[in-house]
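Undergrad: Below is the structure I would like to discuss, written out as structure tokens.
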Amino acid sequence: MDDPRSPAAPGRRAFIKGFGLAAAGAVTLGAGAEAVDAVVGSGNPPSSAMAVPIAGPWRPGSAHVDVVWGVDTAQKLVALTFDDGPMHNWTPMVHDILDAERVKATFFLVGERLVRHARLVHGRMDRHEAGNHTWQHQDLSRLSDERALEQLRRAHNAIGRIVGKEPRLLRPPFGHLGGTTLSAACRFEYDIALWSIKMLEKTYEDDPPALVDYIVGNTGPGTILLAHDTGHHDRLVALRNLVPMIRGLRAKGFEFVTVSELMSASQAPPRPPGDVGLRRAAPPA
Ligand SMILES: [Zn+2]
């Protein structure tokens, strides 16, 4: 396979196909041998790795990666996202709710879990989007270029093989961005999808109606909403109250779309002179 870091490397599509060939063996070797729950920054190098991983000419194919927290749009569109699955009990519960409510969502899948629990998503992803959440939920910002690529490649190939859709988005675990996060995402032609509002399960664990009010009241056009379909028990409060959230948002006129569909609806307005783009968050004092 061509060295992806060579300036003579082929276009990115060919590059990804090359990855696919190498991945089959890697998955076989690695299956079951590594813990899914990697420790943050487990002894790996540069926490400040450069986003240009080679000394020679850097020509990854496309010259940019988009990083989105949400989307500028006047349309009442919202993207519901679930991270860290698939996992027993949790993921089927989410799918049952989304099916019953006829809601689209985006699942940011952990590759190793997907391989282990492939049957949980079989036949259930038709109208949903599948994004890459790395092979082992690793903090990409703390990995070398080579290891970051490996984390994305193995998950990318598992998602393509099991879900039947090639991912277009990366959600970096913990929302951590580093140089290797960006350069690795670029080589897969990914955009990076963060979020604009998340379930505050710990805050509202004992007051589910307040969690529903918080989500429904703070969702606007173009919001990306973060939830999880596995994790600590307290996260169940969000999943158990998905139905009132969905119905509350629909009552306000919102339509549920995938993150890629939301990005397609982006209608960034022209900025007036002096506006640096901090339109939703307060500027720093
Ligand atoms: Zn995660």
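Since every read-out is calculated from the coordinates, none of them should be taken as a lab result. Given the structure is predicted, the values throughout are model-derived calculations rather than measurements. For neighbour counting, all protein chains shown are included, and Cβ atoms are generated from backbone atoms with ideal geometry for every residue, glycine included.
Undergrad: Do any GluC sites (Glu not before Pro) in region 44-129 lie in a DSSP loop with no more than 15 other beta carbon atoms within 10 Å, and if so, which?
TA: Counting only loop positions with at most 15 other Cβ atoms within 10 Å, none of the GluC sites (Glu not before Pro) in region 44-129 qualifies.
Undergrad: Where in region 57-90 does the amide nitrogen come within less than 18 Å of the point 7 Å from the Cα of His233, taken along Cα to Cβ?
TA: The answer is 88-90.
Undergrad: Quick one: Cα convex hull volume of region 68-264, Å³ per residue?
TA: Convex hull of Cα atoms, per residue: 105 Å³.
Undergrad: Can you tell me what percent of all Cα-Cα pairs in region 208-256 are more than 14 Å apart?
TA: Cα-Cα pairs of region 208-256 separated by over 14 Å account for 49 percent.
Undergrad: Another one. So which trypsin sites (Lys or Arg not before Pro) in region 84-115 pass both tests, a DSSP loop state and at most 11 other Cβ atoms within 10 Å of the Cβ?
TA: Passing both the DSSP loop test and the Cβ count: Arg102.
Undergrad: So how far apart, in nm, are the two label points at Glu205 and Trp58 if each is 7 Å from Cα heading toward Cβ?
TA: Here the modelled spin labels are 4.2 nm apart.
Undergrad: Counting Lys and Arg as +1 and Asp and Glu as -1, what is the net charge of the other residues whose Cβ lies under 11 Å from the Cβ of Thr258?
TA: It works out to a net charge of +2.
Undergrad: Also: Could you work out how much longer the chain between Asn218 and His88 gets when fully extended? Use 0.36 nm per residue separation minus the Cα distance between them, nm to one decimal.
TA: Numbers: separation 130, 0.36 × 130 = 46.80 nm, distance 3.01 nm.
Contour length minus Cα-Cα distance gives 43.8 nm.
Undergrad: Kindly put Trp69, Trp135 in sequence by how many other C-beta atoms sit within 10 Å of each C-beta, fewest to most.
TA: Trp69, Trp135
Undergrad: Give the whole-number value, in cubic angstrom per residue, of the convex hull volume spanned by the C-alpha atoms of region 137-228.
TA: Spread over its residues, the Cα hull of region 137-228 gives 124 Å³ apiece.
Undergrad: Distance between Cα centroids, region 132-159 to region 163-230: provide it in whole Å.
TA: Taking the Cα centre of region 163-230 as reference, the centre of region 132-159 is 17 Å away.
Undergrad: Label points 7 Å out from Cα along the Cβ direction at Gln267 and Arg247: separation in nm?
TA: 3.1 nm
Undergrad: Would you mind getting me the FRET efficiency between Asp72 and Ala118? Use the beta-carbon distance for r and R0 = 35 Å, nearest 0.05.
TA: E between Asp72 and Ala118, to the nearest 0.05, is 0.45.
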